[in-house]
1. Does residue 95 count as more than 13 Å from the chain's Cα centre (by Cα) and either modelled with pLDDT of 90 or more or assigned to a helix (DSSP H, G or I) (or both)?
2. Could you grab me the full set of residues in region 49-73 that are crowded, with 17+ Cβ neighbours inside 10 Å and among the aliphatic types (A, V, I, L, M)?
3. Quickly run through region 55-75 and pick out the residues that are acidic (Asp, Glu) and at pLDDT 95 or above.
4. What's the total number of residues in region 29-44 that are part of a helix (DSSP H, G or I) and either in contact (Cβ under 8 Å) with a residue 24 or more places away in the chain or of a type in the set (A, V, I, L, M) (or both)?
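The values are calculated or read from the model by the stated rules, or taken from the named source; none is laboratory data. Computed from a prediction, not measured in an experiment: that's the story for all the values here. Please note: Cβ atoms are built from the backbone with ideal geometry, for glycine as well, and neighbour counts cover all protein chains shown.
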Amino acid sequence: MSMHESTDILSAVDFNASRLNWAAGLGRYTRRRRAELGLTLERAARLAGMELSEWCALESGWVPDPGDFSRIEAIAATLQIFWGDYSFLILMATCQQGPPEKDLD
């Protein structure tokens with residue numbers, strides 16, 4: 001993988017926005033890369049071992065658990081990218097979302 005391919009993952013993030021939205025950037029990148037590879041939503045989901053609804057959520061801004069390495073690796077393999085680059089976007093989106101809310105029950 002060339003350096004250009006490695007840094008291209010950040011092109012989905014709008015650094016000029018008043019507030020960076022890493023989750024939206026993750027979704028845009030995933031959608032664009034899938035389209036570049038000529039994969040349908042169904043094929044991408046199947047290759048990654050995901051439900052179609054999960055893949056659609058991913059492209060809409062859902063952020064996978066950053067600790068779910070097998071899922072991240074499967075998504076990255078489907079997109080034919082280095083898993084560490086994809087994991088970086090997931091980590092940034094997770095950090096931006098803040099800590100999960102705790103149940104008060």
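1. Judged against the criteria, residue 95 is a match.
2. Matches in region 49-73: 50, 58, 63, 72.
3. 59, 73
4. The total comes to 8.
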